[in-house]
Amino acid sequence: MNKESWGSRLGLVFAMAGNAVGLGNFLRFPVQAVQNGGGSFIIPYLVCFLLMGLPLLFIEWGLGRYGGQFGNHSTPFIFNSVSKKFIWKYVGIFGIFCNLTIAAYYCYIESWTLAYIFKSVSGAFAGKSSEEVAAHFGAYVTLSDSYMAVFFWLICLALNVYILSRGLSGGIEKVAKIGVPLLIIFGLILAFQGVTLKAGMKNAIYDGTVGLNFLWTPQFNSLWEPKVWLAAAGQVFFTLSVGMGSIQCYASFIKKKDDIVLNSLSAGWMNEFVEVVIGASIIIPISIGYLGIDKVVELTKSGGLGLGFKTLPYLFQNWGAVLAPIAGMLWFGLLFFAGITSSLAMGFPCMSFLQDEFNFTRNKAAMTFGAACLLLGAPVVFLGIYDILDEYDYWAGTVSLFVFSLLETILFVWVFGIDNAWATINQGADFKLPKFVKYILMYITPTLLIFVFVKNIPEIIDKIMHREIYHKIATTTDPATLEMLNNKLLFTNLSRLLLVAVFIGIGILVFVANKKRQKLSAI
Amino acid sequence: MNGSALFMMISSMSVITIITGYFMYKVVYTPPKPEPDSFEFNDDEKR
């Protein structure tokens, strides 16, 4: 019997917000905005948040609390309490698979932030050129220079296991209550520095407001481009951590008479605050202040991770011997808190499944989760040069999330029935939702999810067929590059097989757990 | 900053900050439901 519970309502909201706030709030959102219409990106972004993001939050909180009434805290059996048709508990596998697989590589990224806090404080970037700082990151993550990344990865895993072993109120909630306010404070300090940066001050070439101007100048023509809406929907989707199974698990510890509407609105909007108000005011203003618009636009083509880990540590060196380590500590500190509150939310559903179905103690469940992350994360860490992380991220952290969200929406709204779903969501609510939300849940949210998924089908097919790698193989003549690409093909296929094996393995565990339940109910 | 960028930034940030603040205020100041509720902090006995 799982005896976890939340300590306080504020702790629950912070933990849910911490689950949603991740590295993407600071690294992905500003880059997406720059690439998709600047200031006008906020329009499709907020529309998608209202029509898809918030409804998905209501659905996941509702599903979780409903399943929790029957003592179920993992999606296979939460779904089983909504519909007894056997297929739904196997759809629920996604809720464990996504969490476990994403945690396996996310903990590695999280460990980079931890390592970079120490590097910043110890002055590891002092006196280095921008190329050297960028090369340092490349060498660090691919283990070319040392195994320090492995050391920090293990520390990070151990830290996650320890906090998880302290339970919901004693571990996760405590970390969220410290981590979320701290990351907001760190973010506000850095945002203030970014916005008030002046040309000529601390070696800056441009004002920080040049970056803000670039980021927020609306290009209203872009609103007619489907790709902008697709990017906005994708950003909303990833930023809220929906379609993973974490929210359902956290919500399953809320009693029937307690509110979920106000709680989900608070957590969802807090995530928006961190993303739009703080996230947009750090990386772009500071980078453009030193590098100019053209260079930053070029850098954003390879995503926000490069800007965050290769560029900012170098730029902070312009702030002097005292401020540079502090800025580095604040930046990587906020990324670390954003990361760990999310990775804990990934671990807890896996633990709850083991505790509920196989009577694992909390410590044993946390250790098992840690061991699974270690095994599953090893290819990501040791085969970094073959981009295994991207492969995991695409299948578990992108495609699976969309599939899972769409299916859970169908289950809750259409199979369970909109009247039941609406009553479940509004039970004990401290905030009255307007009736039209019911119709958004029924028609608009699933349509948007289908639209986003269908638009991505060509890319999914390209990925399955390895078109990008085959294209590179066809156009390269260098034997070393050719060998590298062939190896990448091999390891990519092996990592896909591993993911399939994990999915099937969880499916077998769900099957065994179900048999155990049937035997118990027969007695 | 040009006018349209300033308008987009200030209006977006203000709307989001006000809504977030409003919901957080409601979370903090809404009285808890009668026991037994979902939270340990107001329990008579620690679980």
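Listed values, structure above:
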{"read-out": "Over the stretch A:256-383: Kirkwood hydrodynamic radius from C-alpha pairwise inverse distances, Å", "value": "18.2"}
{"read-out": "Shape call, the stretch A:344-419: gyration tensor on alpha carbons, a/c limit 1.5", "value": "oblate"}
{"read-out": "Proportion of all alpha-carbon pairs of the stretch A:9-522 beyond 29 Å (%)", "value": "51"}
{"read-out": "Pairs of Cα atoms farther than 14 Å apart, the stretch A:274-313, %", "value": "42"}
{"read-out": "Computed accessible area, A:M484, all protein chains, 1.4 angstrom probe, square angstrom", "value": "70"}
{"read-out": "For A:H73, distant residues with modelled amide H under 5 Å away", "value": "none"}
{"read-out": "Relative contact order (%) - criterion: Cα under 8 Å, at least six apart; region: chain A", "value": "31"}
{"read-out": "Value at 222 nm in deg cm²/dmol, rounded to 500, when DSSP H runs of n ≥ 4 in chain A each add -39,500 (n - 2.57)", "value": "-22500 deg cm²/dmol"}
{"read-out": "Residue-averaged beta-carbon neighbours from other chains (10 angstrom radius) around A:243-256", "value": "1"}
{"read-out": "Base-10 log of normalised Debye intensity for the stretch A:112-229 (one unit scatterer per alpha-carbon) at q = 0.18, 0.20, 0.21 Å⁻¹", "value": "-1.12, -1.13, -1.15"}
{"read-out": "Accessible area in the full protein assembly, largest first, 1.4 Å probe, for A:S241, A:S146", "value": "A:S146, A:S241"}
{"read-out": "Pairs of Lys in the stretch A:390-523 closer than 15 Å at Cα, counting only those 8 or more apart or on different chains", "value": "4"}
{"read-out": "Span per principal axis, largest first, for the Cα atoms of the stretch A:403-453 (Å)", "value": "34, 18, 14"}
{"read-out": "Hz values of 3J(HN,Hα) by residue in the stretch A:126-143 - Karplus curve (6.51, -1.76, 1.60), Gly and Pro given as x", "value": "4, x, 8, 7, 4, 5, 5, 5, 5, 5, 4, 5, x, 5, 5, 6, 9, 6"}
{"read-out": "Over the stretch A:4-103 - Rg/Rh using Cα atoms and the Kirkwood inverse-distance radius", "value": "1.05"}
{"read-out": "Partners for A:K364 among aspartates and glutamates (Cα-Cα distance below 13 Å; same-chain residues under 8 apart left out)", "value": "A:D356"}
{"read-out": "Peptide A:205-211 - average C-beta neighbours from other chains (10 Å radius)", "value": "1"}
{"read-out": "Under Karplus coefficients 6.51, -1.76 and 1.60, residue-wise ³J(HN,Hα) of the stretch A:481-492 in Hz, glycine/proline x", "value": "5, 4, 5, 4, 5, 5, 5, 4, 4, 4, 5, 5"}
{"read-out": "Over the stretch A:418-523, equivalent-ellipsoid semi-axes from the Cα gyration tensor in Å", "value": "44, 27, 10"}
{"read-out": "A:H471, A:H73, ranked by accessible area, largest first (probe 1.4 Å)", "value": "A:H471, A:H73"}
{"read-out": "Computed Kirkwood radius, in angstrom, where 1/r is averaged over Cα pairs of the stretch A:14-73", "value": "13.6"}
{"read-out": "Solvent-accessible ranking of A:Y66, A:Y206, largest area first, probe 1.4 Å", "value": "A:Y206, A:Y66"}
{"read-out": "Overall dimensions of chain B by Cα: Rg and Dmax, Å", "value": "19.2, 59"}
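The values are calculated or read from the model by the stated rules, or taken from the named source; none is laboratory data. All figures in this text were calculated on a predicted structure; none of them were measured in a lab. Using ideal geometry, Cβ is built from the backbone for each residue, glycine included, and neighbour counts are taken over all protein chains shown. Quick note on the areas: whole protein, heavy atoms, side chains included, nothing else; ligands and nucleic acids left out. Shrake-Rupley method; radii C 1.70, N 1.55, O 1.52, S 1.80 Å.
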